[in-house]
Amino acid sequence: MTRLALVVLLALGLAACGGSSKSSTPQAPVDMRGKSVVEIVAQNNAFTPKLLLISPDTKVTWTNKDAVAHDIKATTNTANFGAPFGVGVGQFGPGATYSFTFNNAGQFPYLCTIHGLMTGNVQVG
Ligand SMILES: [Cu+2]
């Protein structure tokens, strides 16, 4: 009986370990390569898809479907966007859209500076 309990505890422990290591694995981006136009929705204080993979020269349009204003700013100034990127809170209120065409390959992380956990990444290549 004691041995059985030990086995059950061990199995539970392993399951818990598996679960935690799974959640720490980086999420795969949504692959939309080959499309010339791609949309990202800002809703419930989150960008969807949060992680995006596109081909060069793809036009990405963000739409604010929330009842509050957001902004879009590059997280890093080291990424070579190739053109001024981002939109201010005054231009990205409820229902507003913002478009940017990614010509350069690379990783382009961005965020809403009002809601710090509202982040996204566009991978081009
Ligand atoms: Cu926001």
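What the table shows:
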item	result
Inter-label distance for Gln27 and Glu39, nm, one decimal - labels placed 7 Å from Cα along Cα-to-Cβ	1.9 nm
Under-5 Å amide H pairs with Glu39, H placed in peptide plane, nonlocal only	Thr61
J(HN,Hα) series, segment 114-119, from Karplus relation 6.51 cos²θ - 1.76 cosθ + 1.60, nearest Hz, glycine and proline x	6, 10, x, 8, 8, 10
Partner aspartates and glutamates for Lys59 [C-alpha distance under 16 Å; skip if fewer than 8 residues away on the same chain]	Asp31, Glu39
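Laboratory data are not the source of any read-out in this text; all were calculated from the coordinates shown. Treat the numbers as computed from the prediction; the structure is a model and nothing was measured. All Cβ positions, even for glycine, are placed from backbone atoms using ideal geometry, and neighbour counts span all protein chains on display.
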